[in-house]
1. Regarding Arg82, is this residue more than 28 Å from Tyr143 (Cβ to Cβ) and either surrounded by 11 or more Cβ atoms within 10 Å (Cβ to Cβ) or aliphatic (A, V, I, L, M) (or both)?
2. If I ask for residues that are aromatic (Phe, Trp, Tyr) and open to solvent by less than 100 Å² (accessible area, probe 1.4 Å), which ones from the stretch 168-198 would you list?
3. Which one of these is in a loop (DSSP other than H, G, I, E, B), open to solvent by 60 Å² or more (accessible area, probe 1.4 Å) and on the phi < 0 side of the Ramachandran plot: Glu132, Glu49, Glu102, Glu54?
4. Can you tell me which of (1) over 26 Å from Leu130 (Cβ atoms); (2) modelled with pLDDT of 90 or more; (3) not basic (Lys, Arg) is the one Leu113 doesn't meet?
5. If you take the residues of the stretch 122-136 that are among the small types (Gly, Ala, Ser) and within 27 Å of Glu54 (Cα to Cα), which of them is farthest from the chain's Cα centre (by Cα)?
Amino acid sequence: MMESRMTRKCHVRFGERDEETRKLRDLKVRFVPTPLSPLLANIALHGLEEILMEYIKEVPLRYPNGGIMRRKDRITSLTFVRYADDFVVLHYDKSVILKCQEIITNWLAGIGLSLKPEKTRLTHSLRSNLSEDGKAGFDFLGYHIFQHEIGKNSQHTNAGKKIEYKTFLIPSKKNQKTHYEKIKNIIDKYRNAPQFAY
């Protein structure tokens, strides 16, 4: 991975992450994200989705009625969403998710990377008792994504299937807190200012 590094005198160069603590001409060097960082992460992780799709093609999944699932439906049953170095794997079967986690871990080890344990978790989007930490839903790109059951009067059908839940995307608690802090700072800054200063 390449990211730009800046010295105190704003001298910009390109360097690798492992050079983070190195000193250059007695100046502290620190890394800052650049507009190219997501592109570089996408280049590094290119090919991960194809490996997962090759795996799901061979998994013997079944339809709810007991019939063997067609290959096309197996492929569409697995969802992989990635933005830069953040990604989410979605599937209704926990064993498939665990196998995908193993495949991703092995693939990343091959290029010298690993999953960050603090950001990696298995969760259910609707039922909190099926999540490993007891919380339904997950945070992704600054949003908390979860599902909630809806009442019988609100249920409707979509292509012959009964929809019994809604999917919600709300700002994550961390982003909400940051936003509230910004508002608080603005209010505190202008607390004693005259009205024309607003």
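1. Details: more than 28 Å from Tyr143 (Cβ to Cβ): no; either surrounded by 11 or more Cβ atoms within 10 Å (Cβ to Cβ) or aliphatic (A, V, I, L, M) (or both): yes.
So Arg82 does not fit the description; no.
2. Step one: list which residues in the stretch 168-198 are aromatic (Phe, Trp, Tyr), which gives 168, 180, 190, 196, 198.
Once the filter is applied, which keeps residues that are aromatic (Phe, Trp, Tyr) and open to solvent by less than 100 Å² (accessible area, probe 1.4 Å), the stretch 168-198 yields Phe168, Tyr190.
3. Glu132
4. Condition (2) is where Leu113 drops out.
5. Initial filter on the stretch 122-136 (among the small types (Gly, Ala, Ser)): 125, 128, 131, 134, 136.
If we keep only those that are within 27 Å of Glu54 (Cα to Cα) as well, we get 125, 131.
Working: Ser125: 14, Ser131: 16 Å.
That would be Ser131.
Matching residues to (1) under 25 Å from Glu49 (Cα atoms); (2) assigned to a loop (DSSP other than H, G, I, E, B); (3) modelled with pLDDT under 85:
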| position | (1), (2), (3) |
| --- | --- |
| Val81 | yes, no, no |
| Val88 | yes, no, no |
| Leu98 | yes, no, no |
| Asn106 | yes, no, no |
| Ala109 | yes, no, no |
| Thr120 | yes, yes, no |
| His148 | no, no, no |
| Lys166 | no, no, no |
| Ile186 | no, no, no |
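The values are calculated or read from the model by the stated rules, or taken from the named source; none is laboratory data. Please read all numbers here as calculations on a predicted model, not as lab measurements. Cβ coordinates were reconstructed from backbone atoms using ideal geometry, including for glycine residues, and neighbour counts include every protein chain displayed. For the accessible areas, the whole protein counts, side chains as well, though only heavy atoms, and no ligand, DNA or RNA atoms are used. Shrake-Rupley method; radii C 1.70, N 1.55, O 1.52, S 1.80 Å.
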